[in-house]
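K.L.:
I have a structure I would like to understand better, so I am pasting it below and will then ask my questions one at a time.
Readers should treat all values here as calculations from the given coordinates under stated rules, not as data from a laboratory. Predicted model only: the values in this text are computed from it and were never measured. Note that each Cβ is placed from the backbone with ideal geometry, even for glycine, and that neighbours are counted across all protein chains shown.
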Amino acid sequence: MSENLNTLFHVPTSDLNLVMVEMGQAFRTGLNYDDQNIKMIPSYVKELPTGHEVEKVLALDLGNPSLILGGTNFRVLLVSLEGEGKVSSRQAKFAVTEEQKKANGTVLFDFFAAKVHQFILAENIGEIPHSLGFTFSFPVYQTAIDQGYLIHWAKGFENEGVINCDVVQLLQQAFIRKGLDINIVALLNDPVGTLTKHAYRNTKTSIAVILGTGTNAAYVEEISNIKKLKSNESGHMIVNTEWGGFSGSSLPINRFDIALDRSSENPGKQIYEKMISGLYLGELTRLVLVHLADDRGLFHAQVPNSLRKAYSFQTAYMSQIEMDTSDLLLDVSVLLRQKYEIESSFVDRQVVKYVCQLIGMRAAQLAAAGIATLVRKIDQLDDSTVAVDGSLYAHYPGFEGRMRDTLFELLGSDAGNIKIEHATDGSGQGAGILAALHKTI
Ligand code: BGC
């Protein structure tokens with residue numbers, strides 16, 4: 001049983017090298033042409049902060065995970081840039097319900113405007129900052145720092161009337177309807193915010209990676225290399241790679257990945273993301289467990305309906321299971337009983353943990369292959385700082401260690417020059433910093 005699964009989920013170094021080659025090509029093609037496998041979206045952020053800026057601005061953050069893996073929330077922030085690399089913020093968090101994720105777009109944006117209003121009243125802000133940065137962590141075709149069109153929804157959002165629309169305008173109109181005198185001056189995606197936020201603290205940061213509900217990366221590119229911009233400008237710009245969309249033939253896709261993709265809300269899309277990120281790892285684990293129960297006698301071949309339910313196995317359970325180092329795996333036993341009323345044998349529990357380890361390991365290896373490809377792309381093997389944020393990275397036990405080991409496998413001793421730093425709240429505070437850099441009055 002285990003040998004079989006190992007063949008399905010284990011990725012040898014040689015295969016990871018192939019992933020790197022194909023991703024490297026996809027990065028280059030994405031910089032040359034629109035609508036590619038990896039979109040390489042210009043962010044129009046041409047200036048990174050110095051860390052000395054002092055300002056107070058508003059920020060909104062939509063599409064990023066809550067502390068509980070798998071959830072998505074919406075935040076309103078008052079961000080204070082204090083200089084000397086220090087940023088602080090006050091914030092309010094609101095869960096976006098499944099119902100709201102399916103409502104009409106206007107209803108959704110009116111909800112955001114109402115929450116901004118509520119925040120301003122509740123926080124007793126005094127003079128309300130006029131400028132706002134908006135982190136919108138979905139694939140957006142950006143055409144200016146304050147203009148971008150939603151390509152497709154992800155993370156369970158399905159609101160009508162938003163795809164192909166400028167999300168800045170949709171939000172700006174909702175502010176006007178609510179009578180709020182707030183100007184959206186920067187639209188960004190979460191890795192762009194993470195890069196900006198971390199650069200405020202450490203100006204050497206040139207790559208940011210999100211490993212959370214979804215996955216993505218952004219990095220600093222020379223404008224002359226972004227051929228599709230057809231610009232004569234010199235200098236640099238942050239590129240939002242949208243690497244979650246990668247789907248090359250080098251990816252070690254197996255029948256469980258295929259089953260997950262087919263029954264997902266966006267079949268054929270975000271394949272790399274489906275092998276890596278928090279929204280999907282639990283579901284992949286569930287598919288394997290159900291197969292092992294149906295065909296190989298796991299859980300005495302009994303599968304409770306609760307486990308048959310799609311997405312009922314959260315990635316957070318995998319974290320808890322991998323964290324259980326007790327001799328008899330008692331936490332795993334409790335989890336299976338509480339969540340699924342399964343009375344497990346010790347062997348059942350060992351198998352469950354093994355499945356989590358295989359899937360968690362493969363995710364970390366693939367994420368590391370992406371990071372290694374980017375570090376090579378910007379030719380910074382001698383010294384690079386990668387800012388990483390996201391609940392998977394922060395809470396999944398051993399994820400970072402597995403990534404680091406893989407970086408050494410792929411880059412040899414050069415991996416020792418890569419500083420991976422945990423970036424916190426880039427999607428909120430980073431939006432504030434960009435609003436400060438782009439404010440018009
Ligand atoms: C979205 C990206 C986002 C990433 C991380 C993906 O699902 O496509 O835009 O940056 O999640 O939040």
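K.L.:
Report the local net charge at Ile125: Lys and Arg +1, Asp and Glu -1, summed over other residues whose C-beta lies under 12 Å from its C-beta. Before the final figure, lay out the partial values.
P.N.:
Working: positive: Lys56, Arg90; negative: Glu123, Glu127.
Overall, the nearby charge balance is 0.
K.L.:
Rank Ile128, Val192, Ile176 by how far each Cα sits towards the positive end of the charge dipole of the range 124-209 (+1 on Lys, Arg Cβ; -1 on Asp, Glu Cβ) and give me just the farthest.
P.N.:
Result: Val192.
K.L.:
Provide the per-residue ³J(HN,Hα) series for the range 54-63, in order, calculated from phi with Karplus coefficients 6.51, -1.76, 1.60 and θ = phi - 60°, each as a whole number of Hz, with x at glycine and proline positions.
P.N.:
Along the range 54-63, the couplings run 10, 5, 10, 9, 9, 8, 10, 9, 10, x Hz.
K.L.:
In whole Hz, what ³J(HN,Hα) sequence does the range 255-267 give by Karplus (6.51, -1.76, 1.60; θ = phi - 60°), x for Gly and Pro?
P.N.:
5, 6, 4, 5, 4, 4, 4, 4, 9, 7, 6, 9, x
K.L.:
Between the helical axis of 399-411 and the dominant principal axis of the chain, each derived from Cα atoms, what acute angle in degrees is found, rounded to the nearest 10?
P.N.:
90 degrees
K.L.:
From the helices alone, meaning DSSP H stretches of at least four residues, give me the mean residue ellipticity at 222 nm for the chain, per-run term -39500 (n - 2.57), in deg cm²/dmol to the nearest 500.
P.N.:
Numbers: 16 runs with 196 residues, N = 441.
Mean residue ellipticity, 222 nm, calculated: -14000 deg cm²/dmol.
K.L.:
State which stretch of the chain is the longest one without any exposed trypsin sites (Lys or Arg not before Pro), exposure meaning a DSSP loop state and at most 15 other Cβ atoms within 10 Å. List each step's numbers first, then the result.
P.N.:
Numbers: sites that count: Lys46, Lys204, Lys230, Lys309.
Counting at most 15 other Cβ atoms within 10 Å as exposed, the longest clean stretch of the chain is 47-203.
K.L.:
Would you kindly derive the ³J(HN,Hα) couplings of the range 273-278 from the backbone phi angles with the Karplus curve 6.51 cos²θ - 1.76 cosθ + 1.60 (θ = phi - 60°), listing them in order in whole Hz, with x for Gly and Pro?
P.N.:
4, 5, 9, 10, 9, x
K.L.:
Oh, and also: Can you give the local net charge around Asp425? Use residues other than it whose beta-carbon is closer than 14 angstrom to its beta-carbon, Lys and Arg +1, Asp and Glu -1.
P.N.:
Details: positive: Arg75, Lys86, Arg90, Lys93, Lys197, Arg201; negative: Asp61, Asp190, Asp389, Glu421.
Overall, the nearby charge balance is +2.
K.L.:
Further question on the same structure: Run the dipole for the range 216-343 about the Cα centre, Lys and Arg Cβ at +1, Asp and Glu Cβ at -1, nothing else charged, and hand back the magnitude in debye, nearest 20. Mind dumping the intermediate values first?
P.N.:
Details: 13 positive and 17 negative charges, 101 e Å.
Roughly 480 debye for the range 216-343.
K.L.:
Follow-up. Place a +1 charge on the Cβ of each Lys and Arg in the range 326-441 and a -1 charge on the Cβ of each Asp and Glu, then give the dipole magnitude about the Cα centre in debye, rounded to the nearest 20.
P.N.:
Numbers: 11 positive and 15 negative charges, 56 e Å.
Result for the range 326-441 is approximately 260 debye, rounded to the nearest 20.
K.L.:
Helix 13-32 versus the longest principal axis of the chain: what angle, 0 to 90°, nearest 10, using Cα atoms?
P.N.:
That helix lies at roughly 30 degrees to the long axis.
K.L.:
Would you calculate the convex hull of the Cα atoms in the range 93-240 and tell me its volume per residue in Å³? Don't skip to the end; give the middle numbers.
P.N.:
Values: hull volume 20.6 nm³, N = 148.
Spelled out: Cα convex hull of the range 93-240, divided by residues, is 139 Å³.
K.L.:
Once the dipole of the chain is set up with Lys and Arg at +1 and Asp and Glu at -1 on Cβ about the Cα centre, which of Thr424, Leu328, Tyr280 lies farthest towards its positive end?
P.N.:
The Cα lying farthest towards the positive end belongs to Tyr280.
K.L.:
Counting Lys and Arg as +1 and Asp and Glu as -1, each charge on the Cβ, what is the dipole of the chain about the Cα centre in debye, to the nearest 20? Working shown, then result.
P.N.:
Working: 39 positive and 50 negative charges, 95 e Å.
So the magnitude is around 460 debye.
K.L.:
Using the alpha-carbon atoms, what tilt in degrees (0 to 90, nearest 10) does helix 330-340 show relative to the longest principal axis of the chain?
P.N.:
80 degrees
K.L.:
Evaluate the Kirkwood expression for the hydrodynamic radius of the chain, namely the inverse of the mean inverse distance over all pairs of different C-alpha atoms, and round to one decimal in Å.
P.N.:
Values: mean 1/r = 0.0447 Å⁻¹.
That comes to 22.3 Å for the chain.
K.L.:
Please report the antiparallel percentage of the DSSP beta bridges confined to the chain, to the nearest 5.
P.N.:
Values: 38 of 60 bridges.
Expressed as a percentage, antiparallel bridges in the chain total about 65.
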